[in-house]
Each structure stands twice: as C-alpha cells, then as structure tokens.
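The values are calculated or read from the model by the stated rules, or taken from the named source; none is laboratory data. Here the structure is a predicted model, which means the values were calculated and not measured. No Cβ is skipped: glycine too gets one built from the backbone with ideal geometry, and neighbour counts run over all protein chains shown. Ligands, DNA and RNA are excluded from the accessible area calculation, which covers all protein heavy atoms including side chains. Shrake-Rupley method; radii C 1.70, N 1.55, O 1.52, S 1.80 Å.
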Amino acid sequence: MSKNIFKDFSFSPLRILMCLAIFFVVLYPYTVSIDNYIYLSTAVKYLTLLFAVFVFFSAYCLGYKRIGKLKSSIKLNGTEAIMAVIGFYITVNNYEIKHGSFYYVITFWSIWLMMVIGKSLNGWQNELYILIQIFTMFYAVMTIITFISPTFYFKFVLPLFDIESQKQLIKAYQNGFMAGFTDHYSTNGMYLSIGLGVFASKFLNNFKSFKNIVCTIIMLGALLLTGKRGPLLFSVIAIVFVYYFFKADKPKGRILKIISLILIGVVALLIASIWIPQLLNVVNRFFSESDSGDVTAGRGPLYALAYSLFLEKPIFGHGWGSYPSYYYENLGKYMTVYKYRHAHNIYLQLLCEVGIVGFVLYVAFFLYNLFNTIILFKEYRKDEKYFPQSAENIMPFCLFVQLFFILYGMTGNPLYDVAMLFPYYFSIMYIDYYKENMINISNLNRLFKTLRKKELL
C-alpha cells in the first residue's frame, strides 16, 4: 500500500480547511437551481472550486518533510493520463472559450487536479460521502413535502425561480412531475438517482438496518414522483448490476435472487400505488409515449441535428459546447421555451462537438474507468486485496455511478449537467484512491510469514 502521506489534522486549521473545501466541492453541483442565492457572482462560484484545489494541494505539500519529494511523487495513472489528454483536446477545440465562456474548462481542470492529488490524501473520503447523502436526502424530502403540500410548494418554493421556470414548473406539477426544490424535474431526477445509489449501496451492506431500508424507500419513492423514466430505469439496471458483482464472493443463485427482488419490488409498487397513484406516473409515461409512436419523447429533431452537424465535421467536430448554439440557430429561436438545449444523448453530442477523435477519447475514458471499477470491486468482494474501511459502502456506490452515467448518457446530458457530472468524477476519485491504497492479500500473507520467521529466529 502506498504510504499515507497526509498527517493527522483532526484539530488543526488545515483539517478545518479540508472540510470546508469538500463542502464547497459538493455545494457546487447540488445548488445549480439556486446558485444565485448561494454565490454573489459566477466568479465567486468558480473561486470556491479553485479554493478547494488550493487546499488539496496545500495538504498534499504539508504531508512531506521536504518539498523535493513532492516533484518526484506526482505520477499520473491511466485514468488521469486519459483525462489530461481529453482536457487538452477540449481546451484547444472549444467553442465556448472562443465566445468568452470558461465555465466547463475551469470545472474540468479543477476536478482533474483534485483527482491527481486526492489519491495520495486521506481525510476527504468519508466527508464527501456523508455530504452527498445529506444533500440528496434533502432533495428527496423536499420532493415528498412539495407533493404532499401544494400550498407549501406554490407559496415558498416556486417563487425562488424566474418567471419562465415557474411556468414550466407549474405545468410539470399539474402533470404530476415533482421538481421538488429544483428548477426542473430532470435535475431533481438526477439528484435522486444518485441518492438512490448511495442508500441502496448501504442497504446491500446491511439489509437488516431499519435506517437503510427507510432511506432507500424514501429515495425510490421520491424518484418515482418525479416521473422521470430514464433516471428510474437506469438506476434500477445499475443497482441490479451492482448486486450481481456484490455477490461475487457468493455467486451461486444470484440471478434467481435478482429476479425475485425485482418481482417483489414490482408488487410492492403496485400495492403502494393504491394509496399513492402518482407513483405510477413514470410507468404511465412509458405506455403513453409508446402509444403515441414517439419513444424519444420529442427528441428526434435533437438527435437528427446532432448527427447532421457531425457529418459536416466528422473528425474534429464543431468545438466543445457548440451544440446549444447550433440548436438555437436551427430550432431554438422558433421555440417559446428552451431556446438553448443539449442533444439529450451525450454520444451524439460528442460526435457533433468533438468529432470522432473526441468521441473515441471519451468512450475509452468511460469504459476504462468502468472496467477498473468492476475489477477493483470484484477483488474487494472476494477479499483478494485489503482496502481502507471506507470502501465498504463507497465501492458499490462508485460502480452504481459509473453504470448509471454511461446508461443515462443515451437519453440525458450527464456529461454537461454538473448535477450528474460531479458525482461521476467523485466516483473516479474514489477508485483512484483505492487503487493507490490497497494491499494485495497474497503480499500481505507473505509479509506475515516473513515476520513470523524473524520472530522464530
């Protein structure tokens, strides 16, 4: 295992700064709907992220007695190297930068620096995981409260947003799609999907815990109330796969158990819908879209535009962040709402914006991380390697996020929405950390044997 270079700062100013840095990193994606109330300006929002990077770097430097060791210790692994190549490519081939926006690039490189440094730091893993639980549970509770009390929603929550958003939120609420404390039920769906992954992972580790059962049910119920089909479907698929690999140490009968759990879940949902019919809104949307003959929910023109733009510049694309502007010129300016939109398929949008070159880089990045996560998770479940204690709940959560992100990318915008992008990068940070701080059990056994021999001598 790599030497833990981060000293114990439990009661020091640096430790307090580390906690504050982690808080800012989580606050960034989990307040996108109300960031105008949180930050004085967009510049301040960026500065909080850069502050977190500075604190990470300071903690890293202070973990060494000599600064000379710092230079020789920074080594990029495969994940970080691929991400650096992607970062360089989208920085150079960037439509947003040409038009004065540095939002995505600042976010990307900040996360990359924290990833590189974070794998050699201790003291951020549990704090980050706890904050994700707190924020996602807040959004789940607010979803349920606003569903139960329309008066509370229309009097206290709805006025927080701009007039145009209010119109769309009222329409969504009347159709039974709960946005909760966000400005769109899609954002709420992403928050709740991550929350479901968090608490389902804890439930897998301790299915007898009443708290884990209740929290998982709350998350699932809130997600159903959003009416979001993609987040629900892909969350369930991801959880099924996590359970499959979770049982890697006891593979016998796991397929049958998965089928049984799905059937029990369906029956429980049908029974619950007797008292809360809105829980079936998401199911009803599947059937209504199927009957209408448009399973894309009106996204066909978005897909067609992305593909036609890709054909214009297939190798390098039109530049990162260009799709919303082309959407406006071709479709959006004729719309009354949503004049700037993403393609709702990150793979098509990647082909459009960064061409085949960027598409290959990103897909390689997604699959490389997923492969690493699966291998590491299986090794953990089979006790082939010794991991830090925090891996118990966090490892299955990381696998959930990796799977959900890749699947949701087919119908959503997880690569462009920070509500989903940050949790994805968090999962990669965790995997990087565990790869750096695990011990091969066989090596550990050899060490014990050597120590025993020395004692005998």
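Summary of computed values
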| read-out | value |
| --- | --- |
| The listed residue being open to solvent by 10 Å² or more (accessible area, probe 1.4 Å) and not in a loop (DSSP other than H, G, I, E, B), out of 405, 400, 371, 426 | 371 |
| Residue within segment 160-169 that is open to solvent by 10 Å² or more (accessible area, probe 1.4 Å) and among the aliphatic types (A, V, I, L, M) present | yes |
| Failed item, numbered, when residue 70 is tested on (1) surrounded by fewer than 12 Cβ atoms within 10 Å (Cβ to Cβ); (2) in a helix (DSSP H, G or I); (3) at pLDDT below 80 | (1) |
| Selection count where residues are within 14 Å of residue 432 (Cβ to Cβ) and touching a residue at least 60 places away in the same chain (Cβ under 8 Å), scope segment 350-375 | 4 |
| Hey, residue 144 under 30 Å from residue 84 (Cβ atoms) and among the hydrophobic types (A, V, I, L, M, F, W, C) or not | no |
| Yes/no for residue 271 being at pLDDT below 90 and exposed (fewer than 14 other Cβ atoms within 10 Å of the Cβ) | yes |
| Residue that is hydrophobic (A, V, I, L, M, F, W, C) and either outside any helix (DSSP H, G or I) or under 20 Å from residue 342 (Cα atoms) (or both), where the choices are 111, 90 | 90 |
| Unique residue being in contact (Cβ under 8 Å) with a residue 60 or more places away in the chain and among the β-branched types (Val, Ile, Thr) when the list is 187, 151, 146 | 187 |
| Answer residue from segment 293-334, given it is among the hydroxyl-bearing types (Ser, Thr, Tyr) and open to solvent by less than 60 Å² (accessible area, probe 1.4 Å) and is modelled with the lowest pLDDT among those | 296 |
| Residue check, residue 153 surrounded by 20 or more Cβ atoms within 10 Å (Cβ to Cβ), at pLDDT 95 or above and within 22 Å of the chain's Cα centre (by Cα) | no |
| Selection status of residue 337, within 17 Å of residue 413 (Cβ to Cβ) and modelled with pLDDT under 65 | yes |
